[in-house]
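Written out below as structure tokens is the structure these notes cover.
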Number of protein chains: 2
Amino acid sequence: MNKCQSKIGYAQIDIAFKKPEKNLEKILKIVKKYDFDLIVFPELALSGYDFKNKKELLNFSFEREDKIFDEISNICKTSSKIVVFGFSEKSDGKIFNSSLLIDENGKRYVYRKTHLFYRETILFEKGDTGFFVKDCKGIKIGMMICFDWIFPESSRSLALKGCDIIAHPSNLVLPYCQDAMITRSLENRVYSITSNRLGGEGTYHFTGKSQIVSPQGIVLNRASAHSEKIYIVEIALNLSRNKKINRYNDIFKCRRKDFYEC
Amino acid sequence: MNKCQSKIGYAQIDIAFKKPEKNLEKILKIVKKYDFDLIVFPELALSGYDFKNKKELLNFSFEREDKIFDEISNICKTSSKIVVFGFSEKSDGKIFNSSLLIDENGKRYVYRKTHLFYRETILFEKGDTGFFVKDCKGIKIGMMICFDWIFPESSRSLALKGCDIIAHPSNLVLPYCQDAMITRSLENRVYSITSNRLGGEGTYHFTGKSQIVSPQGIVLNRASAHSEKIYIVEIALNLSRNKKINRYNDIFKCRRKDFYEC
């Protein structure tokens, strides 16, 4: 791989409620079939979303090192791929709304959703990992999940930690996020991959329109609201590493922290 | 005035380069003619924008208490109006790209642009006032100028200081700001008034599309790119004071500062 060129993408899929094996099969099929360096799947891509209570959710939650993930790990290792997807994570008796990054060596990293939305606050523990960046195949990848988008500090924190690409598994039900992610990419000069799901559960209707945005705020691709789609695009990492927007303004060096309220 | 209802607006105007008296006359006419609590004019509304150097700019710069502003101050006082406009401010031998807020008592407050854009970095000193909020007629008003928008910390700082309405005088030449301000209003649950200018100077073409956005991210009005427009709308301040977006999420209380990089 050329150091500056990477193939990144999203898989906008419907997810079957309480059917982890079925969902995993769909994910595996895509991971095997397509050629990419990094692909991002939606939030809670194994379990589905609308659980009644913690007890019910626990049955569809997995530990990071669960063997259910072994096959994806093996594929990542043998074909040098990076996969990100959301799952319900159990750990020491707690349940988190997490995102799993499996790197090109099959190694697993977990991000736990920092800002829980609506009834998630009842089902999950607040994330305790914070925002971090992993260097995989020379790509600096950061994760945030769905509702994290509305807090500008989420993407800002990832960008300040050197992120090239924000992997953003989502189960969006409101219409604002996709346009806001253009601003997130633009203000931080990073790529963002928002992978949203389709379909509905109970009163929730998930809104699709998964997208990839460039560090210049250009929507490289946006899916429809109605059908599954796998999209892979070749991108240049040097764009996310250049924070100069003209010869006078570097978007990071021009920050004036002394005047910022936190 | 009902405490919860305020009339706020923008004046999208062309500005004559190096003709402060002519520009002031236009501003005065609007301030006299329209009924409002708060109106926002563009950035550098007295002088125009594209100065060769500091020496040239100095001739079109004014001190905060300059008598050129007396007539506006008097109108504000007698008719209980609040006016915000950009001007080139001289102070102790320095020049700032500033915004003047004249309150309903005719008192003047200056915000000095924190993040200078492009050649402004040569012409002006970096602002030293920081972001502050003034309570005028029960409306908590904060100011930022043009390019400040790209730094999420600008509007965030104002919102965290209790701002209801961001008054945002602008001379925009790029197409991104207006959509980004929807995100700024939404993520902070505040009103924003972006008052942009029309016309061109040298290689600069100013892009109009002034707008007012509600705390729910609704564009209450957006002007065209091609003609002058004065727009006033009645708004409810209780919307900017309610940071709850559903019964589980308060956009401020859900912030998790321990995980934010600054």
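The values are calculated or read from the model by the stated rules, or taken from the named source; none is laboratory data. All figures in this text were calculated on a predicted structure; none of them were measured in a lab. All Cβ positions, even for glycine, are placed from backbone atoms using ideal geometry, and neighbour counts span all protein chains on display. What goes into the accessible areas is simple: the full protein's heavy atoms, side chains included, and nothing from ligands, DNA or RNA. Shrake-Rupley method; radii C 1.70, N 1.55, O 1.52, S 1.80 Å.
Restricting attention to segment B:22-33, the residues that are closer than 21 Å to B:LEU57 by Cβ and touching a helix residue (DSSP H, G or I) at 6+ places or on another chain (Cβ under 8 Å) add up to 2.
Only one of the numbered conditions (1) free of Cβ contacts under 8 Å to residues at least 40 places away in the same chain; (2) touching a strand residue (DSSP E or B) at 6+ places or on another chain (Cβ under 6 Å); (3) over 26 Å from A:ASP148 (Cα atoms) is not met by A:GLN5, and that is (1).
Residues of segment A:87-104 being crowded, with 16+ Cβ neighbours inside 10 Å, under 10 Å from A:PHE124 (Cα atoms) and not hydroxyl-bearing (Ser, Thr, Tyr), which ones? Before the answer, list the steps.
Within segment A:87-104, the first condition is being crowded, with 16+ Cβ neighbours inside 10 Å, and the residues that meet it are A:87-91, A:95-104.
Narrowing the set further to residues that are under 10 Å from A:PHE124 (Cα atoms) leaves A:88-90, A:95-98.
Scanning segment A:87-104 gives A:GLU89, A:LYS90, A:ILE95, A:PHE96, A:ASN97.
Just give me the residues in segment A:21-71 being out of contact with any Asp or Glu (no Cβ under 8 Å at 6 or more places or on another chain) and among the small types (Gly, Ala, Ser), in sequence order. Within segment A:21-71, A:ALA45, A:SER47 meet the criteria.
Just one of the listed residues (A:ILE193, A:ILE182, A:ILE230, A:ILE212) is farther than 20 Å from A:ILE27 by Cα and under 18 Å from the mean Cα position of the chain (by Cα), namely A:ILE182.
Exactly one residue out of B:SER224, B:SER240 is open to solvent by less than 60 Å² (accessible area, probe 1.4 Å), of a type outside the set (A, V, I, L, M, F, W, C), away from chain A (no Cβ under 14 Å) and under 28 Å from A:LYS113 (Cβ atoms), and it is B:SER240. Look at (1) more than 10 Å from chain B (Cβ to nearest Cβ); (2) over 16 Å from A:PHE41 (Cα atoms) and you find that A:GLY217 fails only one, number (1).
Applying the set (1) open to solvent by less than 10 Å² (accessible area, probe 1.4 Å); (2) under 12 Å from the mean Cα position of the chain (by Cα) to A:GLU187 leaves exactly one unmet item: (2). For residues in segment A:199-221 being in a strand (DSSP E or B), touching a residue at least 12 places away in the same chain (Cβ under 8 Å) and open to solvent by 10 Å² or more (accessible area, probe 1.4 Å), which is farthest from A:SER240 (Cα to Cα)? Residue satisfying both the conditions and the ranking: A:GLU201. Would you mind stating whether A:SER195 is more than 14 Å from chain B (Cβ to nearest Cβ), open to solvent by less than 10 Å² (accessible area, probe 1.4 Å), under 23 Å from A:ALA45 (Cα atoms) and in contact (Cβ under 8 Å) with a residue 12 or more places away in the chain? It is true that A:SER195 is more than 14 Å from chain B (Cβ to nearest Cβ), open to solvent by less than 10 Å² (accessible area, probe 1.4 Å), under 23 Å from A:ALA45 (Cα atoms) and in contact (Cβ under 8 Å) with a residue 12 or more places away in the chain.
Among residues that are of a type in the set (Lys, Arg), touching a strand residue (DSSP E or B) at 6+ places or on another chain (Cβ under 6 Å) and either more than 9 Å from chain A (Cβ to nearest Cβ) or open to solvent by less than 30 Å² (accessible area, probe 1.4 Å) (or both), B:LYS161 is not included. With B:ILE232, B:ILE182 as the choices, which residue is within 19 Å of B:PRO42 (Cα to Cα), assigned to a strand (DSSP E or B) and among the hydrophobic types (A, V, I, L, M, F, W, C)? Matching residue, one of B:ILE232, B:ILE182: B:ILE232.
Within segment A:105-152, the set of residues being open to solvent by 20 Å² or more (accessible area, probe 1.4 Å), within 13 Å of chain B (Cβ to nearest Cβ) and either under 25 Å from B:PRO215 (Cα atoms) or not aliphatic (A, V, I, L, M) (or both) comprises A:ARG112, A:PHE117, A:TYR118, A:ARG119, A:THR121, A:GLU125, A:LYS126, A:ASP128, A:THR129, A:PHE132.
Sort through B:GLU43, B:GLU71 and tell me the only one that's open to solvent by 60 Å² or more (accessible area, probe 1.4 Å) and modelled with pLDDT of 95 or more. It would help to see each step written out before you state the result.
Details: B:GLU43 fails: open to solvent by 60 Å² or more (accessible area, probe 1.4 Å).
Being open to solvent by 60 Å² or more (accessible area, probe 1.4 Å) and modelled with pLDDT of 95 or more holds for just one of B:GLU43, B:GLU71, which is B:GLU71.
Look at A:LYS29 and say whether it is within 19 Å of A:GLY106 (Cα to Cα), open to solvent by 70 Å² or more (accessible area, probe 1.4 Å) and over 16 Å from the mean Cα position of the chain (by Cα). When the stated conditions are applied, A:LYS29 passes them.
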